[in-house]
Amino acid sequence: MNRAEAEPVILRAMDLIDDAFDSAPTLPVLTVSELNRMARRALESQLPLLWVEGEVSNFIRAASGHWYFSLKDAGAQVRCVVFRGRNQFAGFTPVNGDHVELRALPSLYEARGEFQLAGESIRRAGAGRLFEAFLKLKAKLEAEGLFDPLNKRALPRFPRCIGIVTSPQAAALHDVLTALARRMPGLPVILYPTPVQGAGAGAQIAAAIRRAGQRAECDVLLVCRGGGSLEDLWAFNDEAVARAIAASPMPVVSGVGHETDFTLADFAADLRAPTPTAAAELASPVRQDLLQQLGQLARQLHDHLTRKQRNDMQRLDYLARRLVHPAEQLRQQQLGLRQLAQRLGHATRNRLTHEQHRMAQLKQRLITPGLRIQHEQHNLNALQARVLRAAQNQRLQHQSNLARLSSSLAHLNPEGVLARGYSIVQKNNGRVVDDAATLNAGDVLVLRFHRGQASATVDSVLPGAPPQPAAK
């Protein structure tokens, strides 16, 4: 095939390519800002908040307070930012070379199109595992009742001696001694030296606590150390330390770290102080306050004694005025005795006269049995006469009532009416006829008279008013 024949074929292929592009859907054209924004949103929606471990490098603390640095390991690195609102809670400022763990959200810095981690919190590497071990041991000891508030003991108000378990080189010892000297100069202090950091420090701290309990030289024990990281304070999270504090025969105040630091020693102690200085203040009274209280009590005692002396003197004067010579008291008692003797004689004579008068009255009322029988017989005769009269009067009254009732019965007897010429008209059925309107002609009637009866037949019925009774 020659060139002239091939060219049309090429042209036709290009036409086909153009036609394919013309028939494909149109894609949007994005700006770089839109692309970076879409990439940031895709990253933040697909990758969750996570922990990343690495070594700090290129650390910069900006004037705004934000931290900018890189996290790297043997094979890679990533840019990181921790804003001021987050890094103020970190508890430490990382430096280049620190091995840390960063809790961050993967994101994209749109202005430069750089992948970065936006940090939420930061801790030294290994702190997470230490904290998990801390929580497990705390839960175990708490389940055993080692931290039970009911087992906590009150601190003595006026300790005679204070023991301190800490390192002689620790700054906390200087703070505690300074606070004790300021509050209570001259208060005896015994130091039980022990390392407070490093390998084996926990066992040595526990041994120092037990040694203080065995020697029993002080009234309260301070277990203290200055602030530091979780690793620095880890000796006070030792199980042996917590058990030694709980078993201490004397109250224990824990002053480990700063106010935000918590260790197992704090939970096992009878009282937790936010700092070593605060532990010294909680365990010791203030000498100046005690002197003021003592002065106030002395003034109150003086006032009380003055008032009591004044009252006693007044009472003494009152009793002195009432004081009487024994001879005068004897004379007054003799006079009283004579008065009582006179009253007794007068009362005895009155009582004798009264009893004699009463005896005379009783003699007058005394009656012999014969006279008593005669008197009762007279009363019996009188009662018999009254009974006879009452019976006779009742019989006469009954007879009168009987006669009156017999007369009334005789007036009401129908036979007496018939005897006066009246008759009773009855029908054959025995019903009495009292109205002529109830009769019909031809009815057969029975007429009853005083003596005998007769039958009659009704011829006619005459209507009319009933006859009027005859005038008397």
Exercise. Taking N as the number of residues in region 361-430, what is its alpha-carbon radius of gyration divided by 2.2 N^0.38 Å?
Worked result: 2.69
Problem set entry | Dipole magnitude of region 114-197 about its Cα centre (Cβ charges: Lys, Arg +1; Asp, Glu -1), debye to nearest 20 | 440 debye
Problem set entry | Estimated dipole of region 130-285 in Debye, rounded to 20 [Cβ of Lys and Arg +1, of Asp and Glu -1, Cα centre] | 520 debye
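Dipole size in debye (nearest 20) for the chain around its Cα centre, Lys and Arg Cβ +1, Asp and Glu Cβ -1?
6360 debye
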Exercise. Which of Leu43, Gln204, Ala118 sits farthest toward the positive end of the charge dipole of the chain, with +1 on the Cβ of Lys and Arg and -1 on the Cβ of Asp and Glu?
Worked result: Gln204
Seminar exercise, completed: Across the alpha-carbon set of region 69-210, Rg over Rh with Rh taken as the Kirkwood radius works out to 1.13
Exercise. Per residue Cα convex hull volume for region 269-414, in cubic angstrom?
Worked result: 727 Å³
Seminar exercise, completed: For the chain, whose charge dipole is built from +1 on Lys and Arg Cβ atoms and -1 on Asp and Glu Cβ atoms, the candidate among Ala235, Leu187, Gln88 with its Cα farthest towards the positive end is Leu187
Exercise. In degrees, nearest 10, range 0 to 90: what is the angle between the Cα axis of helix 201-215 and the longest Cα principal axis of the chain?
Worked result: 50 degrees
Problem set entry | On Cα atoms only, tilt of 326-365 relative to the major axis of the chain in degrees | 30 degrees
Exercise. Please state the Cα pair-distance histogram of region 32-124 with 5 angstrom bins from zero: what percent is in each bin?
Worked result: 3, 14, 24, 25, 18, 11, 4, 1
Exercise. With each run of n ≥ 4 DSSP H residues scored as -39500 (n - 2.57), what mean residue ellipticity at 222 nm is computed for the chain after dividing by its residue count and rounding to the nearest 500 deg cm²/dmol?
Worked result: -16500 deg cm²/dmol
Problem set entry | Unit charges at the beta carbon, dipole of region 310-410: most positive-side option, Gln384, Gln334, Tyr318 | Gln334
Exercise. Counting DSSP beta bridges with both partners in the chain, what percentage is antiparallel, nearest 5?
Worked result: 65 percent
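Given just the C-alpha atoms of region 218-293, how large is their convex hull per residue in cubic angstrom? Display every interim value, and only then the final one.
Numbers: hull volume 6.7 nm³, N = 76.
Dividing the Cα hull volume of region 218-293 by its residue count gives 88 Å³.
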Problem set entry | Unmatched cysteines, the chain - criterion: no other Cβ of a Cys under 4.7 angstrom | Cys80, Cys224
Exercise. For region 130-285, what D do you get in µm² per second when you plug the Kirkwood radius from alpha-carbon pairs into Stokes-Einstein at 4 °C and 1.567 mPa s?
Worked result: 86 µm²/s
Seminar exercise, completed: Taking a straight Cα-to-Cα line shorter than 28 Å from Lys138, and setting aside same-chain lysines fewer than 8 residues away, one finds Lys152
Exercise. Mind checking which lysines have their C-alpha under 25 Å from Lys72, skipping anything on the same chain fewer than 8 residues away?
Worked result: none
Exercise. Taking only the alpha carbons of region 346-472, what extent do you get along each of the three principal axes, in Å, biggest first?
Worked result: 120, 34, 33
Exercise. Val387 versus His411, label points 7 Å from Cα toward the beta carbon: distance in nm?
Worked result: 4.0 nm
Exercise. Taking 1 over the mean of 1/r across every pair of different Cα atoms in the chain, what Kirkwood radius in Å do you get?
Worked result: 39.5 Å
For this session: Just round it to a whole percent: the fraction of Cα-Cα distances in region 299-377 exceeding 22 Å.
Result: 69 percent
Exercise. Under a 5 Å amide H to amide H cut-off, with H placed in plane at 1.01 Å, what residues pair with Ala125 once short-range neighbours are removed?
Worked result: His99, Val100, Glu101
For this session: Please give the helix 369-412 orientation as an angle from the longest Cα principal axis of the chain, in degrees from 0 to 90, rounded to the nearest 10.
Result: 80 degrees
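Every number in this text was worked out from the coordinates using simple rules, so none of it is lab data. Worth saying up front: this structure is predicted, and the values here are computed from it rather than measured. Using ideal geometry, Cβ is built from the backbone for each residue, glycine included, and neighbour counts are taken over all protein chains shown.
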